[in-house]
Amino acid sequence: MGGEGPPGPEATPAVPAPQPAEAESEDGLKRLRQELEAFRVRADRLLANWQRSEADLANLRRRAESERSEMHLAAIAAVVGTLLPIVDDLERALGSVAEPLRTYTWVDGVWLTYRKFLAVLEAFEVRPMEADGVPFDPLHHQVVQETPGDPGKVLQVVQMGYLLKDKVLRPALVVVGKGPPAGTP
């Protein structure tokens, strides 16, 4: 029986060997998958870098705006700081005008000038701080003298203090009580 006939029951069916084109397509598919994964990794890295750059840019903008605002306040503080002694001088001058002289027009002119200075200060959000009769606060007050009186309480304001927004522009010079006078029970 040496002829070719149908295979017997014990014979295994032959698996066709991969053709060169199929092998190339499997290798090509594997290579494409690797390239796709490499592109995904690169895309994820680029996305993360972009997101980090966006966050850095937002932080830079916030910081620049904050610095600009601080520089603006510093400029206002510098200008107003040079005006405050003039306001102090006007207050002293108006406080020392004798009663009979208060009816003169030049006194009215000084009052007008003083009020204009106060309006300019207010326009720049500068306001005087309340100091008379309040508890002493080292962040807002500077003691120039201690006298008998309520301990730790501001008894007199020697020079007005000013706030620029909520920051101390100039502390108030104050007289503070140090306790009851000697010999008081």
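Just so it is clear, none of the values below were taken in a lab; they were calculated from the coordinates. Bear in mind that the values here come from a model prediction, so they are computed numbers and not experimental data. Heads up, the Cβs are rebuilt from the backbone with ideal geometry, glycines too, and the neighbour counts pull from every protein chain shown.
Select from region 20-126 those GluC sites (Glu not before Pro) which occupy a DSSP coil region and have at most 14 other Cβ atoms within 10 Å, ordered by residue number. Numbers along the way, then the final one.
Numbers: sites: 22, 24, 26, 35, 37, 54, 65, 67, 70, 91, 122, 125; in loops: 125.
Those satisfying the criteria are 125.
Between rounded, prolate and oblate, where does region 16-153 land on the alpha carbon gyration tensor, with a ≥ b ≥ c its root eigenvalues, rounded for a/c under 1.5, else prolate if a/b exceeds b/c?
Cα axes put region 16-153 in the prolate bin.
Sorted by mean Cβ packing within 10 Å, highest first, what order do the peptides 169-178, 80-89, 105-114, 148-157 take? Can you show the working numbers first?
Working: 169-178: 20.0, 80-89: 14.1, 105-114: 12.3, 148-157: 16.1.
Sorting 169-178, 80-89, 105-114, 148-157 by mean packing, highest first, produces 169-178, 148-157, 80-89, 105-114.
Just the number: Rg to Rh for region 93-173, Cα atoms, Kirkwood Rh, two decimals.
Details: Rg = 15.6 Å, Rh = 14.6 Å.
That ratio equals 1.07.
What are the extents of the Cα atoms of region 127-179 along their three principal axes, in Å, largest first?
Answer, in whole Å and largest first: 34, 15, 14 Å.
Just to be sure I understand the model, the point goes 7 Å from the Cα along the line to the Cβ. What's the resulting residue 70 to residue 142 distance in nm?
2.3
Which whole-Hz ³J(HN,Hα) couplings does region 117-126 yield from phi under the Karplus relation 6.51 cos²θ - 1.76 cosθ + 1.60, θ = phi - 60°, glycine and proline marked x?
Going residue by residue, I get 4, 5, 5, 5, 4, 5, 4, 8, 6, 9 Hz, with x marking Gly and Pro.
Run down the aspartates and glutamates and flag those whose C-alpha is under 16 Å from the C-alpha of residue 30, throwing out any fewer than 8 positions away in its chain.
22
Pairs of alpha-carbon atoms within less than 8 angstrom and 6+ residues apart define the contacts here; what relative contact order does region 127-179 have, in percent?
Rounded, it is 45 percent for region 127-179.
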